[in-house]
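Structure first, commentary second.
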Amino acid sequence: MITEHAILPVSPGRESEFEAAFAQARPLISSMPGFLGLELLRSQETPEEYLLLVRWETVEHHTEGFRDSPEYQRWKALLHHFYDPFPRVEHFTEVRS
């Protein structure tokens, strides 16, 4: 399992509009093969910033499966115009001791 991590910097004053659009976008990603779950968290200190955590079976489920899909094109149309600047996305795996 991998966790996708992105800080989403939403243009100030557009937070409510972003949250409504995200509610529409959520079913698009959750229907994808390899999707295991997601969390969208809002910063208490910087309310225009959100933390998106998405769990996938593999990196490829995200980078190839989702990003190469028609659902991703709809995701982009719903959400990408809110970001300033565009978020950096990274993938993490659990460290086991």
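What follows is calculated from the coordinates using simple rules that are stated; it is not laboratory data. Because the structure is a prediction, the values reported are computed rather than measured. Note that each Cβ is placed from the backbone with ideal geometry, even for glycine, and that neighbours are counted across all protein chains shown.
See the values below:
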read-out: Residue-count net charge about residue 68 - beta-carbon cut-off 14 Å; Lys, Arg +1, Asp, Glu -1; value: 0
read-out: Cα shape, the range 41-97, gyration tensor, a/c 1.5 rule; value: oblate
read-out: Length-normalised contact order of the chain in % [C-alpha pairs under 8 Å, at least 6 apart]; value: 47
read-out: q = 0.11, 0.24 Å⁻¹, the range 1-96: log10 I(q)/I(0) [Debye, one scatterer per Cα]; value: -0.31, -1.38
read-out: Angle in degrees between helix 15-30 and the longest Cα principal axis of the chain, rounded to the nearest 10; value: 20
read-out: Projected area, mean over directions - the range 1-55, Cα convex hull, nm²; value: 3.9
read-out: Efficiency of FRET between residue 36 and residue 63 - r from beta-carbon atoms, R0 22 angstrom, step 0.05; value: 0.90
read-out: Net +/- balance of residues flanking residue 55 in space, Cβ distance below 11 Å, scoring K and R +1, D and E -1; value: -4
read-out: Taking 56, 75 and counting other C-beta atoms within 10 Å, the order from fewest to most; value: 75, 56
read-out: Fewest-first ranking of 93, 63, using other Cβ atoms within 10 Å as the exposure measure; value: 93, 63
read-out: Between 0 and 90°, nearest 10: helix 70-79 axis offset from the chain longest Cα axis; value: 30
